[in-house]
1. So Ala187 ticks every box in (1) touching a residue at least 12 places away in the same chain (Cβ under 8 Å); (2) under 25 Å from Val637 (Cβ atoms) but one. Which box is left unticked?
2. Give all pairs with beta carbons closer than 9 Å in which a residue from the range 626-653 that is more than 18 Å from Leu216 (Cα to Cα) meets a residue that is open to solvent by less than 30 Å² (accessible area, probe 1.4 Å) and basic (Lys, Arg); count only pairs at least 6 apart in sequence or on separate chains.
3. Examine the range 240-251 for a residue that is surrounded by fewer than 19 Cβ atoms within 10 Å (Cβ to Cβ) and in contact with a strand residue (DSSP E or B) (Cβ under 7 Å, 6 or more places away or on another chain), and state whether such a residue exists.
4. Of all residues in the range 193-208 being open to solvent by 10 Å² or more (accessible area, probe 1.4 Å) and without any contact (Cβ under 8 Å) to a residue 40 or more places away in the chain, which is nearest to the ligand (Cβ to nearest atom)?
5. Would you confirm, using the coordinates I've provided, whether Lys118 is closer than 29 Å to Ala492 by Cα and buried (at least 24 other Cβ atoms within 10 Å of the Cβ)?
6. Look through Ala106, Ala84, Ala101 and report the one residue that is within 13 Å of Leu479 (Cα to Cα) and assigned by TED's automatic domain parsing to the domain that holds Met509.
7. Tell me which of these Ala610 doesn't satisfy, since it passes every other one: (1) hydrophobic (A, V, I, L, M, F, W, C); (2) part of a loop (DSSP other than H, G, I, E, B); (3) open to solvent by less than 70 Å² (accessible area, probe 1.4 Å); (4) more than 16 Å from the ligand (Cβ to nearest atom).
8. Return a yes/no flag: does the range 164-171 have any residue that is among the hydroxyl-bearing types (Ser, Thr, Tyr) and either out of contact with any His (no Cβ under 8 Å at 6 or more places or on another chain) or away from the ligand (no atom under 16 Å from the Cβ) (or both).
Amino acid sequence: MELRAVLTTCPYCGVGCNFIFEVLDGKIINTMAAKTGPSNAGSLCIKGWSVHEFIQHKDRLTKPLIRRDGVFKEATWDEAYDYAASELLRLKDTYGPESVAFVGSARCPNEETYIFQKFARAAFGHNHVDHCARLCHAPTVAGLAVSFGSGAMTNSFAELEHANCILVIGSNTTVSHPIAAKRLMKAQANGAKLMVADPRKTQIAQLADLHVQQNLGTDVALINGLMHVIYKNGWHNRAFIEERTENFPALAEMIEQFPPERVSQITGVSVPDIEKMAAWYAKSQDSAIVYVLGITQHTTGVDNVKSLANLAMLCGHIGRPSTGVNPIRGQNNVQGACDMGCLPNAFPGYQYVNVPENVAKFEKAWNAKLSGTPGLTMVEQVEAVHEGKVKGLVVFGANPVVSYPNANRVQKGLEALEFLLVLDIFPTPTTALAHVVLPGASFAETCGTFASSERRVQLVREAIPPIPGKYNWEIIPELSTRVGYPMKYASAAEIFDEMASLTPAYGGMSFPRLEAEGLCWPCPTPNHPGTKYLHKDKFTRGLGLFQAIDFRPPAEAPDDDYPFWLTTGQIFSHYLTGTMTRRCPTLHHENPEVFVEINPQDAARLEIEAGEKIRASSRRGTIEVKARITETVKPGVVFIPMHFLENAANRLTNAALDPITKTPEYKVCAINLAKAA
Ligand code: SF4
């Protein structure tokens, strides 16, 4: 009998907790929190404790599959590679290289994502490569990059405990990032004021010193209102504005139009609460902002992020410990996948493709002809399929049929593809539509790195050999080689070293340096200690840029046909499309099926009982859900979690996009409710 302990990093949310797998005779039997984990210091949430339950699940894909005449047949690796390569080359020759698009993943390690985007760019000569950050935090990357010059969490998790005031906005923190929520609770216990702005009365909202329940999609108005009060009362930081920022007059002119009385009408938040929030945030010594997808998944996602950046700069709560603008990432490696350039507009390290020097740099390094034209985002790729421009899709670790908005339209698009190649660890509704399915190795079956929300690059360590017999970092290069762009690596560390040599913020990192507790980027040189908080003394872009942001309402509002506001989100026991968590018995037991939260007043009016099956319909589709009657939502608002593929909330959601990042408006649309037949 052999019992081993393997230290590694959680594959779920962006907090980046470390834990130890107990491995007995080649089977992972238990997960234990690691006291040395810089983000978790010995704690895990229920998802972390249960990770080992999905890894060796009987449903794992273990053999390549080829679908012919509608039937999947097991194939050898050679047969699958050859068939996939011949189909990709056929599309390239028949319709041109731009007829094949690529979708990566924010849950795979950096090394796999780096070679995936390299494969797309070098083998096909375009930039039609994207990943699920598009659906969550692309507005963070775009918004903060414009305001500060760097699109990442500005401070670290540990610093939050020492803030004097924390504004949590659009974040159900105890559910989506429970170990980060512990930091907020500790800060509150240390005397900090905790304010939550959320349309739902979530658990963190109930624990807060002040909760305001703004109307869905009114965040810009609320934040402009706070800034109006701060400026009128002279609570702003004049020295910081003069020395560290530009374009303040434009902001001052805009916020003049948002007196608290008008803001109260738009947002539904009372004038005294607006004034109290403004005073607490501005007058505290060190105030921090924490936000998640309640801010970004809107047609105004970039505007919302820029507004929070404005608020932080107005008060000088940025560039110091325990302050800043702190987006907590939903997925374990969404920060890393963006850093790796799995984006249609940027090579690794946010080196933009439309800058000729960057194209020349990567052409030289990769020995390939590259494009300087930004590619299609994920949602645009689906539209290009409907228009007949994209004929083939390569999907690596993603499940678009469930995770994209307006899922019925996505499914129809994928059904129309001439060739769909999917690499994943479990069967999903997306693999069901594939022509070739390649079985992937999970995070527990490989070495590599994840970058957490606080920009901490941490090691992932191999606990068991890859279940399908190959590492993902072997599969992608083999495929690339067979379509004409040769790639070969001996290890994940070799890939990391190549990536770090081309990515300045990672330039000083290597696997040996990451052994202890990882490093937070930027870490440009081998002796650099990493960077805990950003924008000390100077913003990445030089001066912080204030932007005048006006309020725009959501793309779809209730009417006579669809009279309810729908908002979607996570529950504590599940993660994304549930592919992994719904296979963990512990988590499945907590929440086995989809539900809709309805306010008691609405339930009474519609004569809906708790637990009753009801039909939820939007202009895009219909699902059946069980009623959960609760004061968590206001009258007229309902909430449906996003994890349940058999009745996916995304059959209802609206694919209206943020105009800059093309991020869909998952958080707001109009629906109807009726008793099920
Ligand atoms: Fe994993 Fe996030 Fe839970 Fe930590 S908080 S154990 S990273 S899911």
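1. For Ala187, the failing item is (2).
2. Here the result reads none, with nothing in the range 626-653 linked to a residue that is open to solvent by less than 30 Å² (accessible area, probe 1.4 Å) and basic (Lys, Arg).
3. Yes: one or more hits.
4. Gln203
5. yes
6. Ala84
7. (3)
8. No, the range 164-171 contains no residue that is among the hydroxyl-bearing types (Ser, Thr, Tyr) and either out of contact with any His (no Cβ under 8 Å at 6 or more places or on another chain) or away from the ligand (no atom under 16 Å from the Cβ) (or both).
The values are calculated or read from the model by the stated rules, or taken from the named source; none is laboratory data. Only a predicted model underlies this, so the values are computations on that prediction, with no experimental measurement involved. Reconstructed Cβ throughout: ideal geometry from the backbone, glycine too, with neighbour counts over all protein chains shown. Surface areas here come from the heavy atoms of the whole protein model, side chains and all, with no ligands, DNA or RNA. Shrake-Rupley method; radii C 1.70, N 1.55, O 1.52, S 1.80 Å.
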